Amino acid sequence: KQEVTQIPAALSVPEGENLVLNCSFTDSAIYNLQWFRQDPGKGLTSLLLIQSSQREQTSGRLNASLDKSSGRSTLYIAASQPGDSATYLCAASLSGNTPLVFGKGTRLSVIA
Amino acid sequence: GAVVSQHPSWVICKSGTSVKIECRSLDFQATTMFWYRQFPKQSLMLMATSNEGSKATYEQGVEKDKFLINHASLTLSTLTVTSAHPEDSSFYICSARVPGSTGELFFGEGSRLTVL
């Protein structure tokens, strides 16, 4: 059974700092991996999708990497801003028909 | 990206009543939809897989008689919380994939249920 772990559980950084969020998964035979953002009391905003054949994806200040062999993914946020404060969720699926398995998230606070 | 819409976005009900939440794929057809539940400060936990035209598949520990799922069309799945109790208060969110696509899961806006 796929398990997804995210560390740290919470992170507080000053504005402008670059930061890395970590995600690990137990079954390396993933189909794809998605990173989401969730603001308090809100739904999910999809940030990046990485297919199993890809090593990384970039969108603006965000860069997500995938290393299937080690069962790890990282989300890199450059030049963090207070508006980046949210919970970031990592989730993996084993096939195109199966649901995503979520980690518990990293709660990020960017201090102005 | 594809759009998945949920309704209502929030609902308050009395203990013992039933509540129906709708999940619609607006611009694509979805033979499968997934229902998740999120308790405060917790992650999303899969409740069930909704299959168009057949019975839903429930995760271990989820009562199928309490959480009724109906997927009567290719664009609509409904979750009915029957005889709701305060412990059912949670954030319910559905998701679906565009067939033959990258496999990206698209999520609805979520429905916050409060049972008094």
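Values for this structure:
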{"quantity": "Subset of A:LYS1/A:LYS42; B:LYS14/B:LYS66; B:LYS20/B:LYS66; A:LYS1/A:LYS68; A:LYS104/B:LYS41 violating a 20 Å alpha-carbon distance limit", "calculated": "A:LYS1/A:LYS42"}
{"quantity": "Aspartates and glutamates with Cα under 19 Å of B:LYS55, excluding same-chain neighbours fewer than 8 positions away", "calculated": "B:GLU22, B:GLU63, B:ASP65"}
{"quantity": "Dipole of region B:1-68, positive end: most advanced residue of B:SER25, B:GLY53, B:PHE67 [Cβ charges, Cα centre]", "calculated": "B:PHE67"}
{"quantity": "Efficiency of FRET between B:LEU26 and A:VAL13 - r from beta-carbon atoms, R0 30 angstrom, step 0.05", "calculated": "0.20"}
{"quantity": "For chain B, Cys with no neighbouring Cys Cβ under 4.7 Å", "calculated": "B:CYS13"}
{"quantity": "Dipole magnitude (debye, nearest 20) for chain B, charges at Cβ of Lys, Arg, Asp, Glu", "calculated": "160"}
{"quantity": "Positive-end extreme of charge dipole, chain A - chosen from A:SER80, A:THR26, A:THR45 (charges on Cβ)", "calculated": "A:THR26"}
{"quantity": "FRET efficiency, B:ASN51 to A:SER95 (Cβ-Cβ, R0 22 Å, nearest 0.05)", "calculated": "0.90"}
{"quantity": "Rg/Rh ratio calculated on Cα atoms of region B:1-113 (Kirkwood radius)", "calculated": "0.95"}
{"quantity": "Mean-position separation - Cα centroids, region B:6-54 and region B:62-116, in angstrom", "calculated": "1"}
{"quantity": "Highest-fluctuation residue, A:ARG61, A:ARG37, A:ARG72 considered, GNM on chain A with Cα pairs under 10 Å", "calculated": "A:ARG61"}
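All of the numbers you see were taken from the coordinates with simple rules; none came from a lab. Everything quoted here is computed from the prediction, not taken from an experiment. Heads up, the Cβs are rebuilt from the backbone with ideal geometry, glycines too, and the neighbour counts pull from every protein chain shown.
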